[in-house]
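Working notes, beginning with the structure itself.
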Amino acid sequence: MLAWPDIVIIIGYFVIVLGLGAYLTRYIKSQEDFFLAGRKMPWWIVACSLQATDIGPETYIGVTGIVAASGLAWLNYDWLPACAIPCIISAWFFVRHYRRSGVYTIPEFIERRYNAPMRVLWSVLFIVVRTLTLGVVIYTMALPLSLIVGWPWWLSLLVAAGVTGAYCFLGGLTGVMITDVLQFIIMIVCAVGLIIFSLREVGGWEGLHSALPRQMFHVVLSRTEGTADTWWGAMFIGTLSLGLAYWCTDQNTLQRTFACRSDAEARTALVVGSIIKYPMTFIWGLVGLCAAVLFADVIAENPDNAMPKIVTSLLPVGTVGAAITALYAAGMSSCDSLLTSMSTVLTRDIYQRFLVKNKPDMHYVWAGRAFIILILICGTLFATVVFPVFGAAYVAWQSVLSYIQFPLFATLALGIFYKKATALPAFVGLLTGSVSAFVLDRFVGPVVMPYWWSFVWAGWAGGVLTAAIIICGSRFTKPYSQEKLKGLCWRTIEEKEETTKLLIDWRLWSIVSLIVGVSLTLIFWLVL
Amino acid sequence: MEEMNQKKALGISLKAFAVLMVAVCLIYEMVTPSVKFLSLWFSYLVGAVLYAIGFLMTFV
């Protein structure tokens, strides 16, 4: 059980977050304010919000646990191949097209580029996938907290989901992004505190380095050193597909870049966010390594207990409350993004597009708020009823869903870079690529090449097949007019070279991000 | 103007959280005989860092 000051700090945090959400309600006067924060957000808020969203409770607990069990190689999921490179690609080649078209959602862009059925298919896939994800985020947020804080599980769940839903309802995307920054700062400060205490306990860097095998510090592993999921091929080529799908096509992420004041700031936010991610995940990885030394028995039993064990064992009263607050913050910042992005898609792509047209702007703001409540109820029901009973089935379902991500990316990427791409081949290619990825991963890959097979290769195969079908199929369909494609495809209008201040020059930040990423990889490969 | 107000709200929220943290720890030290004064120095340090960030927020 926690000491009372820690519980007071956690409750106080909820009150402050709610107050902030309530204060920001004053800025909601239109759909654009509610769904896109009035398109007035500065780059630094967007960068923090992007990374706070990406870091969920499963990252907070999962990264620490998995590094404690198998080493720093897992950081590649948050470093160069799966985060920095995709963010840079998204900033250079994708975001400008979305923003220029003035859309609120990715499905809206899809309709403009292809047609309405593609928009519906994309929206439905997004809503189904993300409702289930929301359930898992709520579940993973509530379960460890009920263990640490000692509250009943349902109370922990209701408090976290209720507070998150309340400030999303009140403040829309503005409320979400501002509270994300607050949560992000608390997360960073607590992570630094955590690493100071953990390193002190293991005898500093020297003590940590001598206590663990050298391999635990390496981010580049050969197949003999690692597993089919952690060797360098799977990490540096395989995970690229996941990163590209997430950072270039996901509404949950890209909605924030739509909220930026300018193209340059949106691009900078993506790239700077990827730079912020390096130290953040490294700190958690380091905490995981310390846990591997200090609590080897706990790790052997369940690696996910590494973070809760370190928090409750090493930190003093007060900081424990702040660290648990940071854990809640990680969950809430992911949960709020899911709520706003799904509510935006439901309102814009289904309700406003097909059901109730031509109503005043505030009508759709209230529709968006109603959808937030509806989605929250669905997610909470999923977390309380379905997941505890059908948890294993859900894990399988989740991996099935991962097969559609790269085919989705292929459809969108070809939509932008291949002017001849048309809707019918895209529709067929998306479905065929997703099903093929599933069949490959479940029935072919593990049988034909069990030593090398990882699920990341299924995503690649599905994406390549989707691309092949779109390219071949589009040759037999009538291409769209230049007028329809204007501004949506690469080089369909004259691109003016933007002159920007040095601080918001995404080209410069891209070079910095690559240098940092390559240096870290070399250090944790050749030096340590 | 709007951005200024948002930054101000963010700064105030951070400062409020920091003050809460420090105040609660201070009261805990005062009312718990087994806990010596300033033994929770690290929590005060975390509170001070959060307060400083909240203070700086308005100048970003």
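The values are calculated or read from the model by the stated rules, or taken from the named source; none is laboratory data. On a predicted model such as this, the values are computed, not experimentally measured, just so you know. Please note: Cβ atoms are built from the backbone with ideal geometry, for glycine as well, and neighbour counts cover all protein chains shown.
Filter region B:29-60 for residues that are hydroxyl-bearing (Ser, Thr, Tyr) and at pLDDT below 90 and give the result.
B:Thr32, B:Ser34, B:Ser39, B:Ser43, B:Thr58
Can you tell me which residues in region A:114-126 are under 27 Å from A:Thr59 (Cβ atoms) and either within 15 Å of the chain's Cα centre (by Cα) or not in a helix (DSSP H, G or I) (or both)?
Passing the criteria: only A:Phe126.
Please pick out the residue among A:Ser241, A:Ser210 that is polar (S, T, N, Q), modelled with pLDDT of 90 or more, in a helix (DSSP H, G or I) and out of contact with any Pro (no Cβ under 7 Å at 6 or more places or on another chain).
A:Ser210
Suppose we filter A:Asp6, A:Asp78, A:Asp33 for residues that are acidic (Asp, Glu), within 30 Å of B:Tyr28 (Cβ to Cβ) and either within 14 Å of another protein chain (Cβ to nearest Cβ) or buried (at least 24 other Cβ atoms within 10 Å of the Cβ) (or both); which single one remains?
A:Asp6
So for region A:262-271 (the condition being more than 14 Å from chain B (Cβ to nearest Cβ), among the acidic types (Asp, Glu), touching a helix residue (DSSP H, G or I) at 6+ places or on another chain (Cβ under 7 Å) and touching a residue at least 12 places away in the same chain (Cβ under 8 Å)), does at least one residue qualify?
Within region A:262-271, one or more residues are more than 14 Å from chain B (Cβ to nearest Cβ), among the acidic types (Asp, Glu), touching a helix residue (DSSP H, G or I) at 6+ places or on another chain (Cβ under 7 Å) and touching a residue at least 12 places away in the same chain (Cβ under 8 Å).
Residues being farther than 30 Å from A:Arg261 by Cα, surrounded by fewer than 18 Cβ atoms within 10 Å (Cβ to Cβ) and within 7 Å of chain A (Cβ to nearest Cβ): count how many of those fall in region B:3-43.
Within region B:3-43, residues that are farther than 30 Å from A:Arg261 by Cα, surrounded by fewer than 18 Cβ atoms within 10 Å (Cβ to Cβ) and within 7 Å of chain A (Cβ to nearest Cβ) number 1.
Among A:Thr105, A:Thr53, which is the only one that is of a type outside the set (A, V, I, L, M, F, W, C), crowded, with 24+ Cβ neighbours inside 10 Å, more than 12 Å from every other protein chain (Cβ to nearest Cβ) and touching an Asp or Glu at 6+ places or on another chain (Cβ under 6 Å)?
A:Thr105
Can you work out which of the residues in region A:9-28 that are more than 8 Å from chain B (Cβ to nearest Cβ) and in contact (Cβ under 8 Å) with a residue 12 or more places away in the chain is surrounded by the most Cβ atoms within 10 Å (Cβ to Cβ)?
In this case the residue turns out to be A:Gly21.
Residue-by-condition table, conditions (1) buried (at least 24 other Cβ atoms within 10 Å of the Cβ); (2) within 16 Å of the chain's Cα centre (by Cα); (3) not hydroxyl-bearing (Ser, Thr, Tyr):
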| site | (1), (2), (3) |
| --- | --- |
| A:Trp231 | no, no, yes |
| A:Phe236 | no, no, yes |
| A:Leu242 | no, yes, yes |
| A:Cys248 | yes, yes, yes |
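Can you find even one residue in region A:180-203 that is of a type in the set (Gly, Ala, Ser), away from chain B (no Cβ under 14 Å), surrounded by fewer than 23 Cβ atoms within 10 Å (Cβ to Cβ) and part of a helix (DSSP H, G or I)?
So far as region A:180-203 goes, no, none of its residues is of a type in the set (Gly, Ala, Ser), away from chain B (no Cβ under 14 Å), surrounded by fewer than 23 Cβ atoms within 10 Å (Cβ to Cβ) and part of a helix (DSSP H, G or I).
Taking the residues in region A:36-45 that are of a type outside the set (Lys, Arg) and within 12 Å of another protein chain (Cβ to nearest Cβ) as candidates, determine which candidate is farthest from the chain's Cα centre (by Cα).
This residue is A:Gly38.
Given the conditions (1) within 10 Å of chain A (Cβ to nearest Cβ); (2) surrounded by fewer than 20 Cβ atoms within 10 Å (Cβ to Cβ); (3) outside any loop (DSSP other than H, G, I, E, B), which single one is not true for B:Val46?
(2)
Looking at A:Gly150 and the list (1) surrounded by fewer than 21 Cβ atoms within 10 Å (Cβ to Cβ); (2) at negative phi; (3) touching a residue at least 12 places away in the same chain (Cβ under 8 Å), which single condition is not satisfied?
It is condition (2) that A:Gly150 fails.
Here are A:Ala91, A:Ala69: which of them is surrounded by 24 or more Cβ atoms within 10 Å (Cβ to Cβ) and either assigned to a helix (DSSP H, G or I) or under 21 Å from the mean Cα position of the chain (by Cα) (or both)?
Exactly one of A:Ala91, A:Ala69 is surrounded by 24 or more Cβ atoms within 10 Å (Cβ to Cβ) and either assigned to a helix (DSSP H, G or I) or under 21 Å from the mean Cα position of the chain (by Cα) (or both), namely A:Ala91.
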